[in-house]
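Below you'll find the structure, written out as structure tokens, and then a few comments.
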Amino acid sequence: MTDAVDHVAETLLRREPACGRTRVVAIDGRSGAGKTEFAHRLADRLDAPVFPLEEIYPGWHGLEPAVPMLRDVLAALAVDELGRAHRWDWIHDRRGVPLTIAPGPLLIVDGVGSGSAAIRPFLSLLVWLEADEATRRHRALARDGETYRPWWSVWAEQERRHLGREHTPAAADILVRTD
């Protein structure tokens, strides 16, 4: 994975900002593909902040509603304003405290939907992470355990519909296998 992180970092730094003065890289892929680990390794390599979409997905049925929320955050950054959204309070299953993202030289967006067509105009780079279903499921359940188990199929169906419409892997600049 180190080689892939280095390749993404080098490619991103050669790209022009597409979101105002901010170079935004989306790390997209299905649940358990390794997006968060990849995003954090990239963040360490670039000294860049990570915006995890799981902070704003409005619950277990929230993949689609998160896309316009992310678009609004990036649209604000594009005009050198603070991007604002609300975190999701997963414990109480309701809208949580405000989240603010400041414009800067780099931003890594981590999550399913981060490479959606509505988001792509703001991206300097789109990375798709791919792993087989058994590997992804094992990783996701090891990470989130019993909390995620009853929601795996609900989330997977949202991903299937979303990706069937968005064709994100085909739009990606870089594809990374993580299994």
Taking Cα centroids, how far is segment 138-164 from segment 52-123 in Å? 19 Å
I'd like the antiparallel share, as a percent to the nearest 5, of DSSP beta bridges with both residues in the chain. 30 percent
Under a GNM of the chain (C-alpha, springs under 10 Å), which listed residue has the highest mean-square fluctuation: Val25, Val112, Val73? Val73
Taking a ≥ b ≥ c as the square roots of the Cα gyration tensor eigenvalues, with a/c under 1.5 meaning rounded and otherwise prolate when a/b beats b/c, else oblate, which class fits segment 131-179? oblate
Name the most mobile residue of Ser124, Ser153, Ser114, meaning the one with the largest mean-square fluctuation, in a Gaussian network model of the chain with Cα contacts below 10 Å. Ser153
If you rank Phe38, Phe122 by how much accessible surface each has, with a 1.4 Å probe, what is the order from largest down? Phe122, Phe38
One quarter of the convex hull surface, Cα atoms only: what value does that give for segment 55-127 in nm²? 4.8 nm²
Hull volume in cubic angstrom per residue (convex hull over the Cα atoms of segment 38-179): 116 Å³
Bounding extents of segment 1-110 in its principal axis frame from Cα atoms, largest first in Å, are 40, 33, 20
Seen from all sides and averaged, what is the projected area of the convex hull of the Cα atoms in segment 96-160, in nm²? 6.4 nm²
Springs between alpha-carbon atoms under 10 Å, Gaussian network over the chain: tell me which of Gly59, Gly113, Gly145 tops the mean-square fluctuations. Gly145
As a test of reading the structure, rank Ile101, Ile27 by solvent-accessible area (1.4 Å probe, protein chains only), most first. Ile101, Ile27
Once you place label points 7 Å from the Cα toward the Cβ at Arg95 and Asp132, how far apart are they in nm? 4.4 nm
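The values are calculated or read from the model by the stated rules, or taken from the named source; none is laboratory data. Quantities reported herein were computed from a predicted structural model and do not represent experimental measurements. Virtual Cβ from ideal backbone geometry, glycine too; neighbours counted across all protein chains shown. Heavy atoms of the whole protein, side chains included, go into the accessibility calculation; ligands, DNA and RNA do not. Shrake-Rupley method; radii C 1.70, N 1.55, O 1.52, S 1.80 Å.
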